[in-house]
Amino acid sequence: KLRERWGVIYPKIVARWEAKAYALLAFLRHPKPIRRYLYTTNQLERLAKEVKRRMKVVEVFCGEEAVEKLLYLVLSHLNEAWGARRLRGFAEIETGSYHVDQTQ
């Protein structure tokens with residue numbers, strides 16, 4: 001259907017999509033309850049925002065090591081905070097109470 005609809009207008013893009021479809025749609029091979037965590041960039045955006053916020057406070061770093069230390073501290077803090085969270089959908093997977101959609 002993709003080639004029929006868009007192949008004439010965007011032949012290069014359709015060809016690339018078809019060549020890489022397996023990789024581009026990899027998130028569909030995971031259980032449905034957790035897919036939204038795999039195809040969204042929310043966590044990455046949150047991470048970048050937090051690093052930027054912390055760097056604004058410091059303004060001037062005395063060297064590369066200071067930047068690395070700040071990054072380490074921010075990442076450690078977020079890792080600890082996010083590690084304690086229970087994400088929706090994962091409990092269903094642990095108990096096996098989800099339905100695997102084999103059509104995709």
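What FRET efficiency comes out for the pair LYS56/ALA21, r = Cβ-Cβ distance, R0 = 35 Å, nearest 0.05? Before the final figure, lay out the partial values.
On the way: r = 41 Å, r/R0 = 1.17.
With R0 = 35 Å, the Cβ-Cβ based efficiency is 0.30.
Taking the C-alpha atoms only, the angle from helix 11-24 to the longest principal axis of the chain is near 70 degrees. Among [x] -0.77; [y] -0.46; [z] -0.85, find the value of log10 I(q)/I(0) by the Debye sum over Cα atoms at q = 0.13 Å⁻¹ that was calculated from the structure presented, and write down its label. Calculated log10 I(q)/I(0) by the Debye sum over Cα atoms at q = 0.13 Å⁻¹: the matching label is [x].
The lysines within cross-link reach of LYS12, meaning a Cα-to-Cα straight distance under 25 Å and a gap of 8 or more places when in the same chain, are LYS1, LYS20. Each residue in ILE13, ILE34 was given a count of other beta-carbon atoms within 10 angstrom of its own, and listing them fewest first yields ILE13, ILE34. Taken along the Cα-to-beta-carbon direction at a fixed 7 Å, the label points for TYR39 and GLU64 span 4.0 nm. Taking the Cα atoms of segment 41-98, the ratio Rg/Rh between the radius of gyration and the Kirkwood radius comes to 1.19.
Per residue of the chain, what 222 nm ellipticity follows from adding -39500 (n - 2.57) for every DSSP H run with n ≥ 4, rounded to the nearest 500?
Numbers: 6 runs with 66 residues, N = 104.
Computed ellipticity for the chain at 222 nm equals -19000 deg cm²/dmol.
Shown is the FRET efficiency for LYS1 and ARG85, computed with R0 = 41 Å from the Cβ-Cβ distance and rounded to the nearest 0.05: 0.60. Each residue of segment 34-44 was assigned a 3J(HN,Hα) from its phi angle through the Karplus expression (A = 6.51, B = -1.76, C = 1.60, θ = phi - 60°), giving 10, 4, 4, 7, 8, 9, 9, 9, 4, 5, 5 Hz with x at Gly and Pro.
Rule-based calculations on the coordinates, nothing more; no lab input. Note that the coordinates shown come from a computational prediction; the quantities given were computed from them, not determined experimentally. Glycine also receives a Cβ, built like all others from the backbone with ideal geometry; neighbour counts cover every protein chain displayed.
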